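Student: The structure is given below, and queries will be raised subsequently.
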Amino acid sequence: MRGIRAAAAHDAVRGIWPMPAGASRAASGSRQLVLLICAALFINYVDRGNLATAAPLIQEQLHLSATELGTLLSAFYYSYVLMLAPVGWLGERFGAHKVLAIGVAIWSVATALTGFASSFGALLLLRLLLGVGESASFPCSAKLVAVAVEPARIGMANGLMAFGYSVGPALGTVLGGTLMSRFGWRPVFVLFGALSLLWLWPWRGVRVAEPAAHAPHGAAAPSFARILRERALWGASLGHFASNYGFYFILAWLPLYLVKVRGFSMQSMAGIAGSAYLINAAAGLFAGWMIDAWIRSGRSASVIYKSTMALNHLTCIVAMIGIAVLPLAGSLACLFACEVVLGISSPGIYAIAQIMAGPSATGRWVGVQNCCGNIAGIVAPQLTGILVDATGSFTGAFILAALVNVLGLVGWIGILPRVAPLRWDADAPVSR
């Protein structure tokens with residue numbers, strides 16, 4: 001049965017990730033690995049986003065203010081951010097395959113138990129536990145891709161990963177919102193948590209060779225201190241923060257904004273928000289495929305990745321303001337435009353790290369970069385709740401989200417040097 005499942009998984013992605021004639025078993029195995037990572041990130045964002053989908057119901061049932069709701073939406077990111085760098089180290093020390101499995105088990109249990117929470121305090125503790133579990137997802141996934149996927153297909157691998165974590169909110173919002181409108185929010189959390197545990201079954205059959213990685217030119221893997229001295233790491237981290245601010249702002253508050261401000265029902269909101277997330281997913285998948293094709297044709301990886309990042313931030317400056325101030329049709333058009341460029345830029349967030357850090361340092365690099373990037377998950381939901389309570393409007397929150405994109409341009413274009421593999425030799429200069 002395991003062989004049948006693996007063959008079906010390979011067939012599902014063969015059309016968008018073809019293997020050349022005579023491809024090795026390792027190349028075929030990498031495709032199975034990426035597919036299951038895509039599934040894990042899909043589950044990650046379904047479980048992460050459930051609270052935002054249920055926010056109108058939970059706020060009414062538990063009598064929460066916008067500030068309290070913002071605290072719950074942010075709480076996940078406190079533990080998530082604190083654990084990212086340690087988990088990156090654990091993935092390289094004990095094996096990313098094993099650490100990712102433990103993380104999925106923890107977050108699945110936290111999701112299911114949320115359905116039994118009856119107070120603000122209980123929800124807060126379970127959101128913190130969810131963050132601990134989900135912190136394993138990106139450092140471990142990025143490490144496994146850097147080890148198992150050939151450089152010419154890293155863009156597509158990251159496009160598939162982006163597809164997974166973008167479809168998660170789409171399906172989670174549509175299906176979760178529909179089920180919650182009929183059965184309430186509690187049974188949905190229990191159901192989704194139980195289903196998430198099923199991912200561990202096929203993951204047991206995946207074998208990944210995670211030898212002690214070496215840097216280019218035969219040098220030993222770099223120390224953590226050496227990685228932290230890289231200018232490129234901090235440019236990518238600032239850019240990641242700006243990219244995540246808009247993404248998490250929309251993920252956390254779009255359902256409530258559409259219901260309370262734009263007057264949509266729960267079912268209508270679920271359709272609109274789900275469509276926006278699906279557009280993001282499709283754009284990420286297409287961008288990953290196109291980036292690999294362009295790079296294989298001889299175009300500069302640095303120019304391509306930096307250009308997609310600049311396009312994202314420039315477009316989002318305009319689109320965020322448009323969502324808040326334009327009439328309904330224009331507002332929705334800006335929302336969808338924002339999701340398109342967020343999707344186009346998504347493969348680069350981790351591909352840049354994988355290219356520059358290499359297999360020997362990607363786990364720790366992504367742990368630090370993702371830690372900095374996901375501070376936005378703390379700031380965006382919480383600050384939005386405070387602004388909404390203070391002003392009685394979402395306009396200021398959207399304007400702030402637009403302005404944060406300036407930091408993205410500084411990080412990805414101004415600070416980040418040329419996107420190319422770094423030399424980790426002891427005598428190699430730190431990038432400037």
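Just so it is clear, none of the values below were taken in a lab; they were calculated from the coordinates. What you see is a predicted model, and the numbers here were worked out from it, not measured in a lab. Note that we place each Cβ from the backbone using ideal geometry, even for glycine, and neighbour counts take in every protein chain shown.
Student: Quick one: which of 178-186, 352-360, 226-234 comes out on top by average Cβ neighbours within 10 Å, and what's the full order, highest first?
Tutor: In decreasing order of mean packing, 178-186, 352-360, 226-234 become 352-360, 226-234, 178-186.
Student: So between residue 116 and residue 194, what do we pick up on full extension, going 0.36 nm a residue minus the alpha carbon distance?
Tutor: Answer, rounded to one decimal: 26.7 nm.
Student: For the range 250-265, just list the computed ³J(HN,Hα) in residue order, Karplus coefficients 6.51, -1.76 and 1.60, θ = phi - 60°, integers in Hz, with x standing in for Gly and Pro.
Tutor: 5, 4, 7, 10, 4, x, 5, 4, 5, 7, 7, 9, 8, x, 7, 6
Student: Okay, moving on. List the lysines whose alpha-carbon lies under 24 Å from that of residue 98, not counting same-chain residues fewer than 8 positions away?
Tutor: In chain and number order, the partners are 143.
Student: Determine the calculated [θ] at 222 nm for the chain from helices alone, applying -39500 (n - 2.57) to every DSSP H run no shorter than 4 residues and normalising by the residue count; nearest 500 deg cm²/dmol. Can you show the working numbers first?
Tutor: Values: 17 runs with 338 residues, N = 432.
Helices in the chain give a 222 nm mean residue ellipticity of -27000 deg cm²/dmol.
Student: OK, next. Please list 3J(HN,Hα) in residue order for the range 155-166, calculated via the Karplus relation 6.51 cos²θ - 1.76 cosθ + 1.60 where θ = phi - 60°; whole Hz, with x for glycine and proline.
Tutor: Per-residue couplings from phi come out as x, 5, 4, 6, x, 5, 4, 5, 4, x, 7, 8 Hz.
Student: Related question: Could you list which residues have their amide H under 5 Å from that of residue 221, counting only those 5 or more apart in sequence or on another chain, with H placed in the peptide plane?
Tutor: It is 215, by chain and number.
Student: Sort 275-287, 327-339 by packing, meaning the average of other beta carbons within 10 Å per residue, with the highest value first.
Tutor: Descending mean neighbour count gives 275-287, 327-339.
Student: Output wanted: per-residue J couplings in Hz (rounded whole) for the range 369-384, from phi through Karplus 6.51 cos²θ - 1.76 cosθ + 1.60, θ = phi - 60°, x for Gly and Pro.
Tutor: Here the 3J(HN,Hα) series is 4, 5, 4, 5, x, 8, 4, 4, x, 7, 6, 4, x, 5, 5, 5 Hz.
Student: For the range 359-379 and the range 166-185, what is the centre-to-centre distance using only Cα atoms, to the nearest Å?
Tutor: One Cα centre to the other: 28 Å.
Student: For the range 53-137, run through the chymotrypsin sites (Phe, Trp or Tyr not before Pro) and keep only the ones in DSSP coil with at most 15 other Cβ atoms within 10 Å of their Cβ.
Tutor: 116
Student: About its Cα centre, how strong a charge dipole does the chain have in debye, to the nearest 20, once Lys and Arg get +1 and Asp and Glu get -1 at the Cβ?
Tutor: 820
Student: Non-local amide H neighbours of residue 361 (under 5 Å, H modeled in plane, Pro and chain starts lacking H): which ones?
Tutor: HN-HN under 5 Å from residue 361: empty list.
Student: If one takes the longest principal axis of the Cα atoms in the chain, at what angle in degrees, from 0 to 90 and to the nearest 10, does the Cα axis of helix 25-62 lie?
Tutor: 20
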